[in-house]
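All remarks here apply to the structure that follows.
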Amino acid sequence: MPPPPPASRLLLLLALWIACAASGVGCSGPRFAQLDRLRELHQRERRPAAEQVDAARGLLARLLPSHSASFEFRVVSTEQCGGKACFNINNHPSFHGEGTPEILILGASGVEISAGLHWYLKHYCAAHISWAKTGGAQLSSVPYPGSLPRVPAGGILIQRPVDWSYYQNAVTSSYSFAWWDWERWEKEIDWMALQGINLPLAFTGQETIWQKVFQRYNISKSDLDDFFGGPAFLSWSRMANMHGWGGPLPQTWLDDQLTLQKKILSRMYAFGMSPVLPAFSGNIPAALKLKFPSAKVTHLGNWFTVDSNPRWCCTYLLDASDPLYVEIGKLFIEEQIREYGRTSHVYNCDTFDENTPPLSDPNYISSLGAATFRAMQSGDNDAIWLMQGWLFTYDPFWEPPQMKALLHSVPVGRMIVLDLYAEVKPVWINSDQCMLHNFAADFEMYGVLDAVASGPIDARLSENSTMVGVGMSMEGIEQNPIVYDLMSEMVFHHRQVDLKVWVETYPTRRYGKSVVGLQDAWRILHQTLYNCTDGKNDKNRDVIVAFPDVEPSVIQTPGLYARTSKNYSTMLSENYVMKDAPNDAYEQPHIWYDTIAVIHALELFLESGDEVSDSSTFRYDLVDLTRQALAKYANQIFLKIIQGYKSNNVNQVTTLCERFLNLVKDLDMLLASHEGFLLGPWLESAKGLARSQEQEIQYEWNARTQITMWFDNTETKASLLRDYANKYWSGLLRDYYGPRAAIYFKHLISSLKKKEPFALEEWRREWISLTNNWQSDRKVFATTATGDALNISRALFTKYLRNADSLGLDGMDSFVKPISL
């Protein structure tokens, strides 16, 4: 989804809240009876205790097989937890040496047991768990079997302060999960369980369910070919933003995804999770309108296509007042229950996620909400509607009368709203708190750790709070592991954590060794990169990955956007010049921190690197931090290029363009040194799901298109969503971002030499052609890392950052001058 207006986008603390608070209705006591019933249903319908223990033991065997005999797990009732979901960590009473269980973990479910295991490894063994691409698990600090640390006598009891821990965003399934097989999903479900997630979205395979439902209305597979998006764009066809783009979906895709969904749900249920299934939002294929010409159908407007191209845009929404609405919604719920064998009774539906309703009449909005819920309830009498609150942040259409109409349309206790961007713009006075944090799975070291550490607590303790959960709703995963490590821990905290202490111990857990220099570095990073408090969006718009498509003369160059200070203050330094971005297509990169301080943190990483160079987690962080510094330096070079252009200095422009392009090549080499920054795995996993060469070509085109042009274009009009899902991936920089910049620079230098205006249309024609050719290319990229990350980073630091002013770049000395702690 495109970023919200500038004041609304930092870290997303997911706050689940009951709609009655926002609507002005009292929420005390018996008005939560339906949620009490939901809790009872979840406990009664949960898989047998033995199966949940088996799921937790399977996780342990995959995570730490050497210690399989060191832990015993037991599921206990919530009554034994004081009426709350909890886990209890104890010294095992039967321990008598290696080979016998040392630690006994009791939990109200398989998820609680798994979270208890993580808590023990993290806080008693100084271990760290993150996604494989961000370095994976650091378990070298875990003592050998037979010598695990003891916990205090009486054990450690941890109760959840709120019931639910939510996970995912409606578009995560496309930006991160699009090409996953069961092997990758199994790892993710293990990660969820370890983080205590018990309310995950489960959207995989829903197109097959829709196919079965629409078949009842004589809608054929060919009719649906123009309805479903391609594999990399399903999220947006599901939300009625577009249709057909990247498709059609082969029947084998539909069948395979349904099989995969059944495995996903089976494992989630085995852990005691409550997966959230999709529900009907009114989005229908054009063929249904033709078969029911008297049905009340709205033709929605354009969503980011070039020239409102009807081939992809302007989907159809069935009016809530039409009898077909509830009928189709009921069938969809029933078909899911029939196919999957069970449900958790929680359903996600976002009717107007980035689509403005055709009418602002509160009565219309109310009827739509009532019909949507009635459709769910007709298929499942115990249904709870879970809705993303993103529309209230993103779309100015939603003023108090419209919000009230929607939230009042559902019985109290039957709607849970996700405060989707709570870390930046909280609506948690009335909601369930979530952390959005990331857009389109792009790369930027960024966060608001202080808000993560306090937001869920403040929301829960606020007056008249109806908060029932917390969660993470990022658009893309596998980035910024520190943010997710803290947020997942906040699920279990009743009070704010001492963030200074938490950050000081973080590098020891993450790297498996206490290194003073790295502790100092992370203190700086906490106060800079992870302390974004300016209230602005952070969608990565670095020049390398989001090259400006504008006349060079309209690009402002105020102060080269360098921030400096000597005390890592969150306040703007005196040397920093802030001006509004020009009103054109160039979206200036966001800079909210002291760049000099971050470069000093990188120096500390490099100085301490030999002590932890064998750590994959360290190498990931080192590459990411070096990437961050060099990317901002590249932005500076680009602005100096523009300055040179405006002053007709062809020699300076030529020299700096060469330096920029060399930096892109060097940055590609750096990224190649860690598996978390490779293009190859994204493309190969896409091709790996294909059943034929034709499908392989289609899937690879989907994968390449999402991360470059994204949507449609003409010969001289680029997609309005170009570079939205940009990536700092080795291969992508060398073969696409670099050549694209070279085209722009060619026309820039030509303009100076010929004393002619910049050939904007020719530039566009060439780079759009480059992009379209790259989208259809079949070149194979590496899937394994090459090169020594530490040595490469040291070399690039010396080449670019230590003496960046060696070319006489006025103003750049302030970007890199050394500072003292």
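The values are calculated or read from the model by the stated rules, or taken from the named source; none is laboratory data. Since the structure is predicted, the reported quantities are computational estimates derived from the model, not experimental observations. Here the Cβ positions follow ideal geometry from the backbone for every residue, glycine too, while neighbour counts run over all protein chains shown. These accessible areas exclude ligands, DNA and RNA; they are computed on the full protein's heavy atoms, side chains included. Shrake-Rupley method; radii C 1.70, N 1.55, O 1.52, S 1.80 Å.
Filter the stretch 501-548 down to the residues that are of a type in the set (Gly, Ala, Ser), in contact (Cβ under 8 Å) with a residue 60 or more places away in the chain and over 28 Å from Thr393 (Cα atoms) and list them by number. Steps first, please.
Here is the first cut: in the stretch 501-548, the ones of a type in the set (Gly, Ala, Ser) are 512, 514, 517, 521, 535, 546.
Right, trim to in contact (Cβ under 8 Å) with a residue 60 or more places away in the chain and you get 512, 517, 521, 535, 546.
Those that are of a type in the set (Gly, Ala, Ser), in contact (Cβ under 8 Å) with a residue 60 or more places away in the chain and over 28 Å from Thr393 (Cα atoms): Gly512, Gly517, Ala521.
Taking the conditions exactly as written (under 14 Å from Val151 (Cβ atoms) and either at pLDDT 95 or above or aromatic (Phe, Trp, Tyr) (or both)), does Leu64 satisfy them or not? Break it down into steps so the answer makes sense when it comes.
Details: under 14 Å from Val151 (Cβ atoms): no; either at pLDDT 95 or above or aromatic (Phe, Trp, Tyr) (or both): yes.
No: the conditions fail for Leu64.
So if I check each of Leu391, Leu407, Leu368, which one is buried (at least 23 other Cβ atoms within 10 Å of the Cβ), over 23 Å from Ser344 (Cβ atoms), at pLDDT below 90 and not hydroxyl-bearing (Ser, Thr, Tyr)?
Numbers: Leu391 fails: buried (at least 23 other Cβ atoms within 10 Å of the Cβ); Leu407 fails: over 23 Å from Ser344 (Cβ atoms).
Matching residue, one of Leu391, Leu407, Leu368: Leu368.
Check the stretch 136-146 and report whether any residue there is buried (at least 24 other Cβ atoms within 10 Å of the Cβ), more than 30 Å from Cys349 (Cβ to Cβ) and either touching a residue at least 40 places away in the same chain (Cβ under 8 Å) or touching a Ser or Thr at 6+ places or on another chain (Cβ under 8 Å) (or both). Steps first, please.
Residues of the stretch 136-146 that are buried (at least 24 other Cβ atoms within 10 Å of the Cβ), as a first pass: 138.
Add one more test, that the residue is more than 30 Å from Cys349 (Cβ to Cβ), and what stays is 138.
Imposing the further condition that a residue be either touching a residue at least 40 places away in the same chain (Cβ under 8 Å) or touching a Ser or Thr at 6+ places or on another chain (Cβ under 8 Å) (or both) reduces the set to 138.
The answer is yes; a qualifying residue exists.
For the stretch 375-386, which positions are open to solvent by less than 10 Å² (accessible area, probe 1.4 Å) and either of a type in the set (D, E, K, R) or more than 12 Å from Leu277 (Cβ to Cβ) (or both)? Break it down into steps so the answer makes sense when it comes.
Applying the first criterion (open to solvent by less than 10 Å² (accessible area, probe 1.4 Å)) to the stretch 375-386 yields 375-376, 383-386.
Residue satisfying the conditions is Ala375 alone.
Looking at the stretch 112-160, which of its residues are closer than 15 Å to Ser68 by Cβ and hydrophobic (A, V, I, L, M, F, W, C)?
Those that are closer than 15 Å to Ser68 by Cβ and hydrophobic (A, V, I, L, M, F, W, C): Ile113, Leu117, Leu121, Leu139, Val142, Leu148.
Filter the stretch 589-634 down to residues that are touching a Phe, Trp or Tyr at 6+ places or on another chain (Cβ under 7 Å), open to solvent by 10 Å² or more (accessible area, probe 1.4 Å) and assigned to a helix (DSSP H, G or I), then give me how many there are.
Looking only at that region, the number is 1.
State which residue is farthest from the chain's Cα centre (by Cα) when the search covers only the stretch 195-206 and only residues that are open to solvent by less than 10 Å² (accessible area, probe 1.4 Å) and of a type outside the set (A, V, I, L, M).
Within the stretch 195-206, the first condition is being open to solvent by less than 10 Å² (accessible area, probe 1.4 Å), and the residues that meet it are 195-197, 199-202, 205.
With of a type outside the set (A, V, I, L, M) added as a condition, the list becomes 195-196, 200, 205.
Working: Gln195: 16, Gly196: 18, Pro200: 14, Gly205: 20 Å.
For the stretch 195-206, the residue satisfying everything is Gly205.
On the given criteria, is Gln643 outside any strand (DSSP E or B), more than 25 Å from Glu607 (Cβ to Cβ) and touching a Ser or Thr at 6+ places or on another chain (Cβ under 9 Å)?
Here the answer is yes, as Gln643 does meet what is asked.
Go through the stretch 770-818 residue by residue and tally those that are modelled with pLDDT under 50 and open to solvent by less than 30 Å² (accessible area, probe 1.4 Å).
4
Please tell me if Trp245 is open to solvent by less than 30 Å² (accessible area, probe 1.4 Å), in contact with a Pro (Cβ under 7 Å, 6 or more places away or on another chain) and under 21 Å from Ala703 (Cα atoms).
In short, no.
Let's see how each residue does on (1) over 20 Å from Val503 (Cα atoms); (2) of a type in the set (Ser, Thr, Tyr):
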residue	(1), (2)
Glu112	yes, no
Gly135	no, no
Ser141	no, yes
Leu148	yes, no
Ile158	yes, no
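From (1) part of a helix (DSSP H, G or I); (2) open to solvent by 10 Å² or more (accessible area, probe 1.4 Å), pick out the condition that doesn't hold for Arg510.
Arg510 satisfies every listed condition except (2).
Give Leu683, Leu679, Leu733 a once-over and let me know the one that is touching a strand residue (DSSP E or B) at 6+ places or on another chain (Cβ under 7 Å), buried (at least 21 other Cβ atoms within 10 Å of the Cβ) and in contact (Cβ under 8 Å) with a residue 40 or more places away in the chain.
Details: Leu683 fails: touching a strand residue (DSSP E or B) at 6+ places or on another chain (Cβ under 7 Å); Leu733 fails: touching a strand residue (DSSP E or B) at 6+ places or on another chain (Cβ under 7 Å).
Exactly one of Leu683, Leu679, Leu733 is touching a strand residue (DSSP E or B) at 6+ places or on another chain (Cβ under 7 Å), buried (at least 21 other Cβ atoms within 10 Å of the Cβ) and in contact (Cβ under 8 Å) with a residue 40 or more places away in the chain, namely Leu679.
I need the helices (runs of 4 or more DSSP H) fully contained in the stretch 212-275, keeping only those with at least 2 residues that are of a type in the set (S, T, N, Q). If you could, list the steps in order and put the result at the bottom.
Values: elements: 221-224, 234-238, 251-271.
Fully inside the stretch 212-275 and qualifying: 234-238, 251-271.
Return the residue satisfying two criteria in turn: it lies in the stretch 168-194 and is in contact with a helix residue (DSSP H, G or I) (Cβ under 6 Å, 6 or more places away or on another chain) and of a type in the set (Phe, Trp, Tyr), and of such residues it is surrounded by the fewest Cβ atoms within 10 Å (Cβ to Cβ).
Taking the candidates together, the pick is Trp182.
Quickly run through the stretch 327-365 and pick out the residues that are open to solvent by less than 10 Å² (accessible area, probe 1.4 Å), assigned to a helix (DSSP H, G or I) and closer than 28 Å to Trp164 by Cβ.
Gly329, Phe332, Ile333, Gln336, Ile365, listed by residue number.
Can you list the strands (runs of 3 or more DSSP E) found entirely within the stretch 54-172 that contain at least 2 residues being within 30 Å of the chain's Cα centre (by Cα)? Working first, answer last.
Details: elements: 71-75, 86-91, 103-107, 156-159, 164-167.
It comes to 86-91, 156-159, 164-167.
Restricting to the stretch 305-326, count the residues that are closer than 18 Å to Ala375 by Cα and surrounded by fewer than 16 Cβ atoms within 10 Å (Cβ to Cβ).
Looking only at that region, the number is 2.
Quick test of your reading of the structure: Lys646 fulfils all but one of (1) within 19 Å of Val780 (Cβ to Cβ); (2) open to solvent by 40 Å² or more (accessible area, probe 1.4 Å). Name the failing condition by number.
Against the list (1) within 19 Å of Val780 (Cβ to Cβ); (2) open to solvent by 40 Å² or more (accessible area, probe 1.4 Å), Lys646 comes up short only on (1).
If you scan the stretch 314-326, which residues turn out to be aromatic (Phe, Trp, Tyr) and either free of Cβ contacts under 8 Å to residues at least 12 places away in the same chain or in a strand (DSSP E or B) (or both)? Quick ask: steps written out before the conclusion?
Initial filter on the stretch 314-326 (aromatic (Phe, Trp, Tyr)): 316, 325.
Answer for the stretch 314-326, where residues must be aromatic (Phe, Trp, Tyr) and either free of Cβ contacts under 8 Å to residues at least 12 places away in the same chain or in a strand (DSSP E or B) (or both): just Tyr316.
Counting just the residues of the stretch 455-497 that are at pLDDT below 90 and among the polar types (S, T, N, Q), which one comes out most open to solvent (accessible area, probe 1.4 Å)?
Asn464
Given the condition within 23 Å of Arg764 (Cα to Cα), open to solvent by 20 Å² or more (accessible area, probe 1.4 Å), among the charged types (D, E, K, R) and not in a helix (DSSP H, G or I), answer yes or no: does some residue in the stretch 710-720 qualify?
Going residue by residue through the stretch 710-720, those that are within 23 Å of Arg764 (Cα to Cα) are 710-720.
Checking the rest, the ones that are also open to solvent by 20 Å² or more (accessible area, probe 1.4 Å) come to 713-717, 720.
Of the ones still in play, those that are also among the charged types (D, E, K, R) are 715, 717.
With the extra rule that they be not in a helix (DSSP H, G or I), the set shrinks to 715, 717.
Checking the stretch 710-720: at least one residue is within 23 Å of Arg764 (Cα to Cα), open to solvent by 20 Å² or more (accessible area, probe 1.4 Å), among the charged types (D, E, K, R) and not in a helix (DSSP H, G or I).
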